[in-house]
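Undergrad: A single structure is presented below for examination.
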Amino acid sequence: MTARIVVAAPASGHGKTSVATGLLAAFAARGLVVSPHKVGPDYIDPGYHALAAGRPGRTLDPWLVGEERLVPLFRHAVATPVPADLAVIEGVMGLYDGAAGRGEFASTAHVARVLEAPVVLVVDSTAMGRSVAALVKGFAGFDPRIRVGGVILNRVGSDRHEMILRQALDELGIPVLGAIRRHDSLATPSRHLGLVPAAERSGEAVDVVRGLGAVVADAVDLDAVLAIARSAPALPGTDWNPDDEVAAARAGLHLPEKSATDGKFRPVIAMAGGAAFTFSYAETAELLTAAGADVVTVDPRTDESLPPGTTGLVVGGGFPEVYAEELSANEPLRRAVLRRARAGAAIVAECAGLLYLARSLDDRQMCGVLDADARMTGRLTLGYREATAMSDSVLATAGTTVRGHEFHRTACTPGAGAPPAWEWAAPDGTRHREGFVQGRVHASYLHLHWASMPGAAVGLADAARKSAVRENPAAARGEVKA
């Protein structure tokens, strides 16, 4: 089984992302095939991981996918597209910080325990001396099921500072794997929802990732890190397989294993991409492909038309508020999306996608698929949600319960359609209704991981296929190419 380590920290801000990305880049530069992972629902950090590793960064979130799917999804990731030599799993927040009110659940420690992976603890040692030993001892001994294999000291001030820290940690018997000095030039810029996504920084992000790899290679004992990763035991289980998941979903929904038009042609489902729409889990496209669709990318900032034959559209999360002017200026694509929606195309929009389908965003014209207007606010809406579908849609049947997360600083008016997409209990116990279901359009602030609900891919692909058949019956009969 692939060697693996979890990169964790006492809290957010200690440099997990920089160290994890640097490790991925450094090992890749050595010629190892590396598999990048992120604990929690985050989309942004995996973008930097992917630049370093040359393959998609994948999330491992017990809340979104269920604890039982962590090992299968991990096994699938390290085997795709080719088997990896090493998996680097970046944690979330502090090592033991889980979902609010649920103990260790969905914490970095939880995922490390399920994957039986040793932990490398990254510690921001700024203004810290011998106390670093007390900190590390506390984290290493808090849960005996978690094995802290070593420590990487970050933001070390000088040779003398490093000597003091190493002497303190020598008393614990936990090895210091490296000491990284302060490198302000490699800092990753942040804004209202965290780091600026790698896709928005283009060549600059590539340079930063390369620089992080060089810094880590120089300051960290990579051989020692690899030895710790290789000490992880074999991880039994089966690989998650999108084809099997789709087949099981069809059986659960009492649908034929293949629709009457399968084999004749595959519907085209466009997925929004580019700098404004960077939030997507790799499994979404894999499931849609397994469900019989051809998945292509469209950039709503620059592409003036949808891919030929598009009868399905996925508009995921991202930062349309940052690019509102450019999105609004691309009138040809906005009109194309509206025409497709009115013609019955199957459309799923999450968060940023909801804003794009709205009538306006910060007074700039958007697609107008939804009779709603959106604005930036000063309030961060963040958290896990357990939601119930309020009506039948391309994603789920009414009454279906899903687990997702919200992460935005915008507000939509109205906040829900008639019928709404979802309902969930707010922290104060009140019921909250949100999102829109309008024909074959489903738009909501809720982010979902389709590995936990493969029926969503089946529903979207089948709806897109039906739209294609209605528009081009000759293609359905195999008389012409769709």
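The values are calculated or read from the model by the stated rules, or taken from the named source; none is laboratory data. What you are looking at is a predicted structure, and each value in this text was computed from that prediction instead of being measured. Here the Cβ is made from the backbone with ideal geometry for all residues, glycine too, and neighbour counts use every protein chain on show. These accessible areas exclude ligands, DNA and RNA; they are computed on the full protein's heavy atoms, side chains included. Shrake-Rupley method; radii C 1.70, N 1.55, O 1.52, S 1.80 Å.
Undergrad: Given (1) under 20 Å from LEU115 (Cα atoms); (2) in a helix (DSSP H, G or I), identify the lone condition not met by ALA26.
TA: (1)
Undergrad: Now for a different question. Quick one: how many residues across the stretch 279-296 are within 24 Å of GLU406 (Cα to Cα) and either modelled with pLDDT of 95 or more or not small (Gly, Ala, Ser) (or both)? I'd like the intermediate steps shown before the answer.
TA: Residues of the stretch 279-296 within 24 Å of GLU406 (Cα to Cα): 279-288.
Then drop every residue that is not either modelled with pLDDT of 95 or more or not small (Gly, Ala, Ser) (or both), which leaves 279, 281-288.
Matching residues across the stretch 279-296 total 9.
Undergrad: Only residues that are at pLDDT below 95, aliphatic (A, V, I, L, M) and more than 25 Å from GLU104 (Cα to Cα): list them for the stretch 1-52, please.
TA: MET1, ALA50, LEU51, ALA52
Undergrad: Filter the stretch 419-442 down to the residues that are part of a loop (DSSP other than H, G, I, E, B) and aliphatic (A, V, I, L, M), then identify the one that is modelled with the lowest pLDDT. Please lay out each step first, then the result.
TA: In the first step, residues of the stretch 419-442 are kept if they are part of a loop (DSSP other than H, G, I, E, B); the result is 419-421, 426-430, 439-440.
Now drop any that are not aliphatic (A, V, I, L, M), which leaves 421, 426.
Details: ALA421: 97, ALA426: 78.
By that ranking, first place goes to ALA426.
Undergrad: Output the number of the condition that ALA232 fails; it satisfies all remaining conditions of (1) under 27 Å from the mean Cα position of the chain (by Cα); (2) open to solvent by 30 Å² or more (accessible area, probe 1.4 Å); (3) among the aliphatic types (A, V, I, L, M).
TA: (2)
Undergrad: Follow-up. Any residue at all in the stretch 359-380 that is small (Gly, Ala, Ser) and under 21 Å from ILE269 (Cβ atoms)? Break it down into steps so the answer makes sense when it comes.
TA: Looking only at the stretch 359-380, we keep the residues that are small (Gly, Ala, Ser), and these are 360, 368, 372, 374, 378.
Imposing the further condition that a residue be under 21 Å from ILE269 (Cβ atoms) reduces the set to none.
No: zero hits.
Undergrad: Something else about it: Of all residues being open to solvent by 40 Å² or more (accessible area, probe 1.4 Å) and at pLDDT below 80 in the stretch 443-482, which is nearest to GLY368 (Cα to Cα)? Just the residue, please.
TA: Out of the qualifying residues, it is ASN472.
Undergrad: Let me ask something additional. Show the residue pairs meeting these rules: Cβ distance below 6 Å; 6+ apart or different chains; first residue within the stretch 456-473 and farther than 22 Å from THR400 by Cβ; second residue open to solvent by less than 20 Å² (accessible area, probe 1.4 Å) and assigned to a helix (DSSP H, G or I).
TA: Partner pairs satisfying both residue conditions: VAL469/ALA476.
Undergrad: Could you give every pair whose Cβ atoms fall below 7 Å, whose first residue belongs to the stretch 160-177 and is open to solvent by less than 60 Å² (accessible area, probe 1.4 Å), and whose second residue is among the acidic types (Asp, Glu), counting only separations of at least 6 or pairs across chains?
TA: LEU177/ASP221
Undergrad: Being out of contact with any helix residue (DSSP H, G or I) (no Cβ under 7 Å at 6 or more places or on another chain) and under 19 Å from ARG470 (Cβ atoms) is the filter here, so list the residues in the stretch 326-346 that pass it.
TA: ALA336, VAL337, LEU338, ARG339, ARG340, ALA341, ARG342, ALA343
Undergrad: So, in the stretch 140-157, how many residues would count as being over 21 Å from GLY22 (Cβ atoms) and open to solvent by 40 Å² or more (accessible area, probe 1.4 Å)?
TA: As a first pass, look at the stretch 140-157 and keep what is over 21 Å from GLY22 (Cβ atoms): 140-147.
Within this subset, residues satisfying the condition of being open to solvent by 40 Å² or more (accessible area, probe 1.4 Å) are 141-142, 144-145, 147.
Summing the residues that are over 21 Å from GLY22 (Cβ atoms) and open to solvent by 40 Å² or more (accessible area, probe 1.4 Å) in the stretch 140-157 gives 5.
Undergrad: Further, regarding this structure: Suppose we keep only residues that are over 19 Å from ALA374 (Cα atoms) and under 25 Å from the mean Cα position of the chain (by Cα) within the stretch 297-308. Which one would you say is least open to solvent (accessible area, probe 1.4 Å)? It would help to see each step written out before you state the result.
TA: From the stretch 297-308, those over 19 Å from ALA374 (Cα atoms) are 297-299, 302-308; that's our starting set.
After this cut, where a residue has to be under 25 Å from the mean Cα position of the chain (by Cα) as well, the list is 297-299, 302-303, 306-307.
Details: THR297: 103, VAL298: 4, ASP299: 29, THR302: 86, ASP303: 55, LEU306: 28, PRO307: 27 Å².
Here the answer is VAL298.
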